[in-house]
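Values quoted throughout were computed directly from the atomic coordinates according to the rules given, and no laboratory measurement underlies them. Keep in mind it's a predicted model, so treat the numbers as computed, not measured. Cβ sites come from the backbone with ideal geometry, for glycine too, and all protein chains shown count toward neighbours.
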Amino acid sequence: MELDEIQLLAIKAESTYDVDPTPAVTADLIPCTNLRWEPASTRISPKPLRHGHARTSGHNSRKHVVLRFDYQLRGNGTIQAGAIGQKVEIDPLLLAADLAATYTAESTPAAGDGFVTYAPTVPVTDGASVTAYWWTQGKLHKLTGGKVNIERVRYTADQFAIVTFAIMGRWLAPADTTFPSATANFLVSTKPPIFAGGTITYNGSTALVIENAEWTLGNEIVPRFGANSTDGIKGFRIVDRLVAGSFDPEAELVATQDFWGQFAASTNFAASISLGSTAGNRVAVTIGDIEIIGAPYGARNKMRTHQIQFEACRDSVASGPNAEFSLKFS
């Protein structure tokens with residue numbers, strides 16, 4: 001018997017694709033909730049002529065695994081230095097989502113105005129990848145060659161912002177093990193900020209009354225099938241991306257914010273969401289242009305709202321192919 005609450009997750013960047021770098025129970029731990037380990041395969045069943053309906057034994061082929069978990073979005077208390085040595089704890093996950101990091105150092109020592117920005121990129125090779133170790137009370141589960149999608153980032157007024165990560169990678173058979181001992185540096189001490197007092201900017205306005213907002217990175221991850229590889233899978237690649245999301249402003253007069261007109265004309269506007277106000281624990285997402293694809297009405301506490309749905313677009317052809325989105329820690 002295993003207790004469901006007794007578990008740990010460690011994730012580490014791979015120096016060489018699909019080569020296990022041995023995540024440590026100290027430096028590589030990821031504090032998470034709602035973890036789901038989801039093995040997947042293609043079922044192959046022989047269907048010879050037979051006496052009845054019963055099948056003969058087959059194979060579970062092309063085995064791989066998808067690891068999903070929730071993470072409370074936060075900084076690390078030191079990223080305001082803008083130094084690569086002060087990486088945020090989810091840095092390996094963001095890089096394996098094909099987001100490239102750009103560090104901007106603080107203007108003077110201890111100024112606290114440095115930051116790191118993650119923006120989409122399209123690698124010519126496999127790109128960055130991760131190995132994940134998941135310890136339950138009596139077993140160790142491993143995943144290698146992992147590529148990452150941010151399935152959803154959910155913001156709710158006066159709550160933590162919750163990131164749902166999904167990692168697709170090579171499935172390795174779980175093995176019995178002793179649960180790791182407790183360590184002093186189990187968690188970064190920085191408390192996740194609450195989504196209150198932050199700013200949602202849309203179409204140049206910060207006045208919209210919004211309770212909920214969310215976005216997805218929308219990475220499409222696929223296996224690379226190869227007969228000369230273990231389980232018939234060479235690895236995993238991100239082959240497409242569609243940043244999209246939603247928010248729920250209180251309904252305004254058309255003269256104040258014409259969501260229906262913006263929907264009808266497919267007009268694009270810049271948008272951003274900021275979380276946290278303390279240096280080292282601020283996270284901001286910026287989308288250069290969003291296009292409303294739906295604006296149905298909803299209700300909140302008997303007050304009419306819009307349920308705005310959007311997709312992210314490039315600012316312009318001149319802005320480059322990966323300029324629609326950025327994530328900043330400062």
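Structure notes:
- Under 14 Å from the Cα of K12 - aspartates and glutamates, other chains or at least 8 residues apart: D20, D28, E89, D91
- Cα Rg over Rh - the range 216-307, Kirkwood: 1.18
- The slack in the chain from S272 to E250, taken as 0.36 nm per residue of separation less the alpha-carbon distance, amounts to 6.1 nm.
- Computed over the chain with a Gaussian network model linking Cα atoms closer than 10 Å, the most mobile of T156, T286, T42 is T42.
- With 25 Å as the limit on Cα-Cα distance, the pairs of K63/K142; K63/K328; K47/K147; K147/K328; K63/K139; K87/K191 that go past it are K63/K328; K47/K147.
- Residue-count net charge about R237 - beta-carbon cut-off 11 Å; Lys, Arg +1, Asp, Glu -1: -1
- Full-stretch length increase - V122, A264 - with 0.36 nm per residue and alpha-carbon distance subtracted: 47.9 nm
- The convex hull built on the alpha-carbon positions of the range 1-125 has an orientation-averaged projected area of 13.3 nm².
- Expected 222 nm ellipticity per residue - DSSP helices of 4 or more, -39500 (n - 2.57), all of the chain, to 500: -1000 deg cm²/dmol
- Additional length obtainable on full extension of the chain from L35 to T56, 0.36 nm per residue less Cα span: 4.1 nm
- Lys, Arg +1 and Asp, Glu -1 on Cβ, resulting dipole of the range 187-248 about Cα centre, debye, nearest 20: 340
- Likely footprinting exposure, M168, M1, M303, fewest C-beta neighbours within 10 Å first: M1, M303, M168
- Positive contributions from Lys and Arg (+1) and negative ones from Asp and Glu (-1), summed over other residues with Cβ under 13 Å from the Cβ of R36, come out at -3.
- Neighbourhood net charge (13 Å Cβ-Cβ; Lys/Arg +1, Asp/Glu -1) for I210: -4
- Placing a label point 7 Å from the Cα of S107 along the Cα-to-Cβ direction, the residues of the range 40-80 whose backbone N falls under 18 Å of that point are 80.
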